[in-house]
Amino acid sequence: MSIENKPSADEIEISLIGTGGGYGESIVIKMANDDWIIVDSCINPITKVPLPLEYIENLGVDVSKRVKLIICTHWHDDHIQGISEIFKKCSQANFCMAKVTDKNKFLQFVALDSSKIDEASNSSTKEFSKCLKVLEMRKKNIISAFPDRTIYNENFDGTNFKIFTLSPSDLAIQKFDLEISDLITEFGTKNKKVIPQSPNLKSVVLLLEVGNHSMLLGADLEVSTDPKLGWKAILNESQVTGNKSSLFKVSHHGSKNGFHQRIFDELLDQEVACKLTPWNKRNKLPEIQMLQAYHNKSNVLLMTSPVVSSSKPKRTRDRKIEKYIKSLNVKLSEIKFDKGIVRSRIKYGLKNAKWRHELFDSAFEVKIP
Amino acid sequence: MEKHIDSTDQLNEMGDTMSIISEPDNTQSDYNEHHTKVLKNSLEEQVDTRFKLKPVLQSSSKHFEITANLLDPDPVLDKIYSLDSFQVSGKYVLNRLHGNYTQKIQKWKGHITEVLKEGFVAKLEDLTNQGTDEIGEFDIDDISTQDRPLISVGSVFYWTVGYFIKNGQISKQSLIRFQRLKEWSMQEYDKAIDTAEDLSKKINWD
């Protein structure tokens, strides 16, 4: 089927968009009555166009009216690039992000970092800052994400459509406040890019419930040794994870830190379809043994693009310059842009309906004998 | 301390020079001392006597290297840098060129993502060809001793490689310069705090 084909009225859709690892990931969701939701954002590094926006617009959806919610799962450059442009265009959308207890301190941090010179500012705070301006202009509230919160609730054609946030845990929210204090003290110089330490533990995991179908989107949440943080907090404390999910967006690019046996035992259906995006920077994810583990535990494992081992610099340069760079004492490797889309649709009204997966661009099904 | 002005990018990126091309007859006749004088006077009228002009004759145009004291922030230089070309007089235009470099040049803006025992890893944004980013692993020996204390996660630097022409001699160069900017002023800090307080009043969190 062509990528421009819209889902039918009796279908929901969860599409994972990947860029090959270095330029982020995003999820596009179709819920009740042609409502669309965008989770995180990533861009094409050449055109700078936000990919989820491009995808939905190509389906012929009027984003200014039909996108109802934009969710920022966490504060990492590879999940947020282009999100302010999406928010500007989606004029009916609400904005959801992890709960912040000390709002003033958080806003001070964003104001300070985003007012830095471009070279040194963190692009995530620039994006936040722009989103805040849109919120101010539209006089809209921020929807805070915390454990077991309902952020979307519609009834359409006799079916309930719900989205819960399962994280960040209370302890992760407290830790984030402390981290902001530490980051503010680093504002001695304007030429340094502030890099948050562990935003993955503050990731917003989403549980979608449509009729009797459940889907789990793991963001970049990791497993911590502290039972009050990460996946263990969800597994130990969540009150809304009764139904087992038939679709799982694997956490944190299939890393070892994102895996816990209990996620599969307690939250996922035996026939679960798993999908993930790779991480192709200096470190590569998922590692082969984790790919094997996810493959063994899922009915089908789909990736947006392969894990590639790029050890070469870009090829667009003048030959002489390229030769000279090679002679230097610098190891240079390109962060490749390798777009792929894993689209999954299901007829939500049918109790025993199965997911129909479609793969576009570099996306593929992982098959390990 | 006197530094050259980088003609193509940030002031403190590299020790390059800014060129002036006289127009419209920049290929005509011999180098003319009178021209230099006129140009120098018109520049000095509009900019500042701190700029020093040194005429350099090149094959296709008349170039003038400018050096300036860059220790203090300079609004005139800022103005020049904010423009692609700076009208010096009705007759002369100050162009942003590649200074002494030829067109064969490659520039990156990097920020350090990891510090290693004898070097560092950085994410590099290609300023010459745009598009995709790169990861570079650098050796500490290639960083000047003055810049080494600046090596830490998050530090921003510029890396330029190219073919350099000086006094007719061509040489290859790789330059890494870390950004050095002045500390935040109390006014800048207060402004950010005010912005935050203002936003805090206007935006509610459910």
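A compact table of results
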| read-out | value |
| --- | --- |
| Any hit, segment A:21-30, residues being away from chain B (no Cβ under 14 Å), under 30 Å from residue B:198 (Cα atoms) and among the basic types (Lys, Arg) | no |
| Answer from A:248, A:264 - the residue that is free of Cβ contacts under 8 Å to residues at least 60 places away in the same chain and within 17 Å of residue A:28 (Cα to Cα) | A:248 |
| Residues satisfying the stated conditions in segment A:131-172, i.e. in contact with a Lys or Arg (Cβ under 8 Å, 6 or more places away or on another chain), within 14 Å of chain B (Cβ to nearest Cβ) and buried (at least 20 other Cβ atoms within 10 Å of the Cβ) | A:145, A:152, A:165 |
| Boolean, residue A:92 is within 13 Å of another protein chain (Cβ to nearest Cβ), touching a helix residue (DSSP H, G or I) at 6+ places or on another chain (Cβ under 9 Å) and polar (S, T, N, Q) | no |
| Test: residue A:316 is of a type in the set (Ser, Thr, Tyr), within 10 Å of another protein chain (Cβ to nearest Cβ) and at negative phi | yes |
| Selection from segment A:217-241 of residues that are free of Cβ contacts under 8 Å to residues at least 60 places away in the same chain, within 14 Å of residue A:146 (Cβ to Cβ) and surrounded by fewer than 17 Cβ atoms within 10 Å (Cβ to Cβ) | A:228 |
| Which numbered condition residue A:281 fails, given (1) under 19 Å from the mean Cα position of the chain (by Cα); (2) at pLDDT 95 or above | (2) |
| Residue in segment B:106-129 that is surrounded by fewer than 17 Cβ atoms within 10 Å (Cβ to Cβ), facing another protein chain (nearest Cβ under 7 Å) and at pLDDT below 90 present | yes |
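The values are calculated or read from the model by the stated rules, or taken from the named source; none is laboratory data. Everything numeric here is computed off the predicted structure, so don't read it as measured data. Neighbour counts run over all protein chains shown; Cβ positions are idealised from the backbone, glycine included.
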